[in-house]
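What follows is one structure encoded as structure tokens, with my remarks underneath.
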Amino acid sequence: MVWMMLLAGLAAQNDPAASARAEADLLIAAAGAEGVFENITTDTVPTLRHVQSGLTCHFTPGEASNSVTVYPALGDGIVQGDDVSCHTRASRMSATVYATRYADQATAEQVLEISTAAVRARLPDAVAYEGGFPLLTAPTQDEPPLHAVFTARSEEGPFVTFLLVQHHGDWGFKFRGSREGDEVVEAGMTGGMMFMNALRFVTEP
């Protein structure tokens, strides 16, 4: 056992991506997501790919909140693995990206409306932000995502929370981000880059 541990340590030194791949494997195992997500880590950033949709999830190495969720199948044509999310935290932002096979059951506009109502229910004092907000278009998309932006305040201080929604074929993708501070543009750029990278290799419809 000791020799195995020493060899594993040496392997990690020779391969900087080894610990990131191991962390990605643990995320899959913790969620019971074998066959739903695959480990595509090639560098020091743990990276998973949702097999069905092509959604790519990047995780901050060693971040305690890193997680993958495979939601229960609820019928209406949605089977196990058709409704998933990945969560991480980076650059003062808590970020969750979702992939759901909606088919014709919900438009992007409807998803944004439902998600906006959920934000208002959770944060009744949040104020809708109507100013400029940076929107980035993923290489696989023809248009930028739909969005809704709010500013709010907690005991820790101000924060920006926002939603990005994009449909691609049968799949609906959503990004929910909350960033500490009141810098709306910075929040949008950070979250927009995360969402764009997540959709970079989505499956063709």
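The values are calculated or read from the model by the stated rules, or taken from the named source; none is laboratory data. Computed from a prediction, not measured in an experiment: that's the story for all the values here. A quick note on method: Cβ atoms are made from the backbone with ideal geometry, for glycine too, and the neighbour counts reach across all protein chains shown. Side chains are part of the model used for accessible areas, which takes the heavy atoms of the whole protein and leaves out ligands, DNA and RNA. Shrake-Rupley method; radii C 1.70, N 1.55, O 1.52, S 1.80 Å.
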For this session: Filter region 107-122 for residues that are open to solvent by less than 40 Å² (accessible area, probe 1.4 Å) and out of contact with any His (no Cβ under 9 Å at 6 or more places or on another chain) and give the result.
Result: 115, 116, 119
For this session: Evaluate the following for residue 73: is it at pLDDT 95 or above, open to solvent by 10 Å² or more (accessible area, probe 1.4 Å) and part of a loop (DSSP other than H, G, I, E, B)?
Result: no
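On the basis of being open to solvent by 50 Å² or more (accessible area, probe 1.4 Å) and either within 27 Å of residue 33 (Cα to Cα) or modelled with pLDDT of 95 or more (or both), does residue 156 make the cut?
no
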For this session: Would you mind finding the one in 68, 111, 51 that is touching a helix residue (DSSP H, G or I) at 6+ places or on another chain (Cβ under 8 Å) and either under 22 Å from residue 197 (Cβ atoms) or touching a residue at least 60 places away in the same chain (Cβ under 8 Å) (or both)?
Result: 68
Exercise. Counting only residues that are farther than 14 Å from residue 203 by Cβ and charged (D, E, K, R), which one in region 23-65 is surrounded by the most Cβ atoms within 10 Å (Cβ to Cβ)?
Worked result: 23
Seminar exercise, completed: Checked region 46-67 for anything of a type in the set (A, V, I, L, M) and either assigned to a strand (DSSP E or B) or farther than 12 Å from residue 173 by Cβ (or both); matches are 48, 51, 64
For this session: Find the residue count for region 123-136, including only residues that are touching a residue at least 24 places away in the same chain (Cβ under 8 Å) and open to solvent by less than 50 Å² (accessible area, probe 1.4 Å).
Result: 6
